[in-house]
Amino acid sequence: MLDYLLQQLIFALAIGAIYGLIALGYTMVYGVMRLINFAHGEFFMLGPYVYTFIFSGFIGLGGLAPALDSVIAIVASFVIVGLLGVAIERFAYRPLRAYGRLAPMLSALGMSIVLQSAVRVTIGPQPEHFPAIVPSQPIAALGGMVTTVQLGILAAAILLMVGMALFVNGTRLGIWIRAASESWTTSSLLGIRVNRAVSLVFFIGPGLGAMAGIMYASYYGIMQPTMGSVIGLKAFTAAILGGIGSIPGAMLGGFLLGAIETLGTAFLPLISGGLIGTEYRDVFAFAVLILILLFKPAGLLGETVSEETTVAKKDY
Amino acid sequence: MKKLEKNFTKMLLGWEFRATTLDNERGIFMNRTRVLLSAVALLLATGAMPAAADDIVLGGSAPMSGAQAEFGQSQIDGAQLYFDQLNEKGGIKGNKVVFRALDDRADPRQGTLVAQQFCDDNAVIGVIGHMNSGVTMPALDIYSECGMPQVVPATNPELMRMGFKTVVRPVANDFVQGALPAKYVTEKLGLKKAVLVHDKTVFGQGIAGVFKDNFEAGGGTVAGTFGANPEDVDFSALIASIKLQNPDVVYMGAGMPQLALFLKQMREQGLKAQFIGPDIGFTVDFITQVGAASAEGALMTFQLPPYDSSPELKDFAERHQARFGRAPGPYASLGFANAQVMAAAVEKAETLDREGVLAQLHGVTVDTLLGPVAFDDNGENTTAPMYLYVVKDGKFELVKE
Amino acid sequence: MGNAVITRRLGLLVVLALCVVLLALVPKFPPYYVRVADSILIYIILAVGLNLVVGYAGLLDLGFIAFYAVGAYAYAFLASGQFDIHLPFIVILFIGAAVGALAGVLLGFPVLKLRGDYLAIVTLSFGEIIRIAINNADDLTNGPQGIAGLDRASLFGLPLTSPVHFYWLLLALAIMLCAGVYYMERSIVGKAWRALREDQDVVRGLGINTTTLKLLAFALSAAIGGAGGVIFGSFQRFVSPESFTFQESLLVVLIIIIGGVGNIVGVIAGAIVLVVLPEVLHFAAQYRLLIYGVVLVTVIVLRPGGLVSPRFNLGFIIRKVRTLWLSPSKT
């Protein structure tokens, strides 16, 4: 039984890492814009498509060493998807800044439909095979097993998360972002160019989303145009769970959501004697979320919400 | 009088504009409104669809956008391919066939709107639709009220027992599909302990239930039933929990890519049980996505003999590639066969209207891509074939009885 | 009385007459158009209900469709062979509204202290929990199969079977609802809601119980959602979980935002646009959703406050009509 629990925890970590990574981009955008960015999942979906496009382009041109090709394609996907994020902010969100928070939310929803449909009509609705970047090998560990891809994802995700935390807390650009998420007015009075901070966030957030998407695609071996919608919702959930706007909170929320889901699947039927099946996993996850929020109304690591962050505030 | 007219127009249009001009951004608002209005006008103008008077118009509906677009589109493409082929040969009785495909987005409400739209258009004399049982259910009422001959692709057994006389279903319902592999694994392979996984959809849950009944009738026991979400991609926790049951057989009622993902993750965790899936998984993608080594030995049911088994099927695959630039999707062949049935009924009809086609619909016998088709009183295919395939060396191979 | 006033009055009369004639003419159109009109009216009812919460009280509710589902399933349980209960439509309409309100209070009571987007995700979770529970409770709801063959409804002996019947019913309900909300808006409660939207701390400081206020908004809107669900169930005569997805919740929120938040005229415009648009776009086949998305973004970027200006509301129209008729010199 202990083996079983350990095995499930390993799975929880691997899936949680992906949730955390995408929640990270979500929370950064939210922190600065106070925007429920329904389009975030689509950047996640674009990641593997852009990667494949560039990677196969490279191979077509002759290519360098295979490993180097992958690295270049990964970096290029980050940049391209990031720039797309910046462009979308510029044209679909910025004109709506003065109009409260519901208008940008609608715009984000529309953008999400546009991006997903665009990929569907150009590439086709079918799931495409995505070759693993690292070859998948099961390794026996702690009485269970873990695949090399899972380990790779965990390592990469933690690396990116730590890197992001260092960046936001330790660099000049990071200070811009943090200042802008505290208060736009004060930051601009202090000479911080808020628009640049916003653009920066809209570069990094979607870029991170694309990274998560590439990992995800290489883990499961497929990509498809609809893969972003479900995961976008999960990222939103994870970000809220950890306290939206908080970077460590997003990571924690991601791992926690992974754990709740995995343990729900693993133990709901066992504990209830088969009465409650695995199909109640999401009910369980949502119920835990609601419970946590009842006791910690601002998520686990979120700051107590001031009136500033209420949707209600004049914003309409 | 001129003044009156001017005032009147101002009155009609004035409110909206006057209300907005109170805003200080007057100029911008006016401009934006004008841009918007002209965009709407443009949209409406492009909406009209012409069809010549003596064309035979047939309707088709399936989800062409949203999460199930892949399956719906493949069905529409398959049907379109057949009608194209027919038109190349001069159409039906010298009339060109126009296939009008509408998107129902897998939403029952939009399905009823589509159904009503077909019904209202007297030119439409037959409909192939809908793909989802839940969408077909409320639409049946509407089609039967306007006497619309309908070929149903949805596979829920319930649909044909509701007493509607306007429908036929060439494709085998889920009963046949669930029964065949259950019989095979209990009788031929002697496997007795199964675990069921399904995605809580009408199709997945239904077919898993049929498998269960037949498996138990064949002397097997079902050690557990696990539900998942239709969009799930991570089954690792589920599989670890299934491993505790140590089954001989895992039957999965779900769609793609879930079937492939499940099998791949199942093999990664070292669960060796016999894997069985339904027709949706019968694609080359399944094997690519699982990996040839892991897919080895998996069983899959399908309504067709192998694509390379007959010249017609090979021809179908090649034509599809040529017409749409991709290999036939999951339901392309079914769409093609449904179109064949509908066309055969139209061909036999004495008058080219709904009554004429309806009179022939139940009695039609036609040699389709699916094999020979004939219907019983309920409109079910009496001879609906079902084939069992096994993955061998990275290819689907027919299991000989 | 000058010439201008007469033309204006004439114009007004013509506009009003046009509206009435148009509404009365809808049933004369082919059934498809009537069905589209029915869809529009159902979404107007839903959106007016949700607007109480989002537009007036300023709470973002992303799980509104759950109440709609509760109502629809109430009809399915109480008027079908499922449990062999066959209650009259009007009774279930009230039961649906009551059950909806109850669900609203049950959800609202614990979560209304949450603010902003935390409330949004909790309502979203609630909506999903209801949908998944309906999908999983096979013995009760037939699970994903749905419940088919619901009773044909009738109201005071009049049959409610064709789209035209439902058109008149829905139209009457929608008008009653809009009138009710219009008066509510002007009542002390409506004013308190608006205050709540502007600054809930101040409202609390004034000694008003904000939780009761929010709960009232929640319960009312949920009751409307529930009643809408009953009508949907009796109209479609089939219910299944596919009709109550998160996308549907979002659609109702979109209707409010794109029309103009907190404005009944805006909500009506939004419902018309978002129901008609996908129908108009049928010609685009697989490009339909793409164009739909592009239109959404374009509209909101061009008209960030919604299609209908906040000033052009029901009050404005009534005032306009009244002043033009009673004291034309003031206009």
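What the table shows:
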item: Protection proxy ranking of C:131-143, C:79-91 - average other beta-carbon atoms within 10 Å, highest first; result: C:131-143, C:79-91
item: Rounded to 5, percent antiparallel among DSSP beta bridges of chain B; result: 30 percent
item: Net charge of Cβ neighbours under 10 Å - reference A:Ala180; Lys, Arg +1; Asp, Glu -1; result: +2
item: DSSP-defined beta bridges in the protein assembly as shown - what % are antiparallel, rounded to 5; result: 45 percent
item: Formal net charge of residues neighbouring A:Thr237 (Cβ-Cβ distance under 14 Å; K, R +1; D, E -1); result: -2
item: FRET E, pair A:Phe53, B:Gln360, Förster distance 45 Å, beta-carbon r, rounded to 0.05; result: 0.35
item: Cα centroid separation - the stretch B:332-401 against the stretch C:1-23, whole Å; result: 61 Å
item: Dipole of the protein assembly as shown, positive end: most advanced residue of C:Leu171, B:Val390, A:Gly209 [Cβ charges, Cα centre]; result: C:Leu171
item: Where Rh is the Kirkwood radius over Cα pairs, Rg/Rh for the stretch B:245-401; result: 1.06
item: Nitroxide proxy distance, nm - points 7 Å out along Cα→Cβ at A:Ala140 and B:Leu189; result: 2.6 nm
item: Per-residue mean of C-beta atoms belonging to partner chains within 10 Å, peptide A:260-266; result: 4
item: Relative contact order [Cα under 8 Å, 6+ residues apart], the stretch A:69-163, whole percent; result: 13 percent
item: Cβ crowding within 10 Å averaged over residues, with B:278-290, B:187-199 ranked highest first; result: B:278-290, B:187-199
item: C:Ile90-A:Ile72 FRET efficiency (beta carbon distance; Förster radius 60 Å; 0.05 resolution); result: 0.30
item: Percent RCO, i.e. relative contact order, over chain B, from Cα pairs under 8 Å lying at least 6 residues apart; result: 17 percent
item: The stretch B:257-323 - convex hull of the alpha-carbon atoms, volume per residue in Å³; result: 93 Å³
item: Cα lying deepest toward the dipole's positive end in the stretch A:108-250, options A:Gly228, A:Leu173, A:Ile240, charges on Cβ; result: A:Leu173
item: For B:59-71, mean number of other protein chain Cβ atoms within 10 Å; result: 5
item: Packing-based order for A:100-107, C:224-231, using average beta carbon neighbours within 10 Å, highest first; result: C:224-231, A:100-107
item: Value of Rg/Rh across the protein assembly as shown [Cα atoms, Kirkwood radius]; result: 0.96
item: √(5λ) per eigenvalue of the Cα gyration tensor, the stretch B:219-290, largest first, Å; result: 19, 13, 12
item: Mean shadow area of the stretch B:115-234, taken as a quarter of the surface of its Cα convex hull (nm²); result: 9.0 nm²
item: Euclidean distance between Cα centres, the stretch B:163-229 to the stretch C:128-151, Å; result: 21 Å
item: Scattering curve values for chain C, log₁₀ I(q)/I(0), Debye with Cα scatterers, q = 0.14 Å⁻¹; result: -1.19
item: The stretch C:188-242-the stretch C:274-315 distance, computed between alpha-carbon centres (Å); result: 25 Å
item: Global size of the stretch C:213-331 as Cα Rg and Dmax, reported in angstrom; result: 18.1, 57
item: Residue-averaged beta-carbon neighbours from other chains (10 angstrom radius) around A:219-229; result: 5
item: Distance histogram in 5 Å bins (all Cα pairs of the stretch C:1-149, percent per bin); result: 2, 8, 12, 14, 14, 13, 11, 9, 6, 4, 3, 2, 1, 1, 0
item: Chain B: Rg to Rh, with Rh as the Kirkwood radius over Cα pairs; result: 1.09
item: Computed label-point distance, nm, for sites C:Ser162 and A:Val230 using a 7 Å Cα→Cβ extension; result: 4.4 nm
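Computed from the coordinates by the stated procedures, all read-outs in this text should not be read as laboratory data. No experiment lies behind these values; they were computed from the predicted model shown. Backbone-built Cβ (ideal geometry, glycine too); neighbour counts: all protein chains shown.
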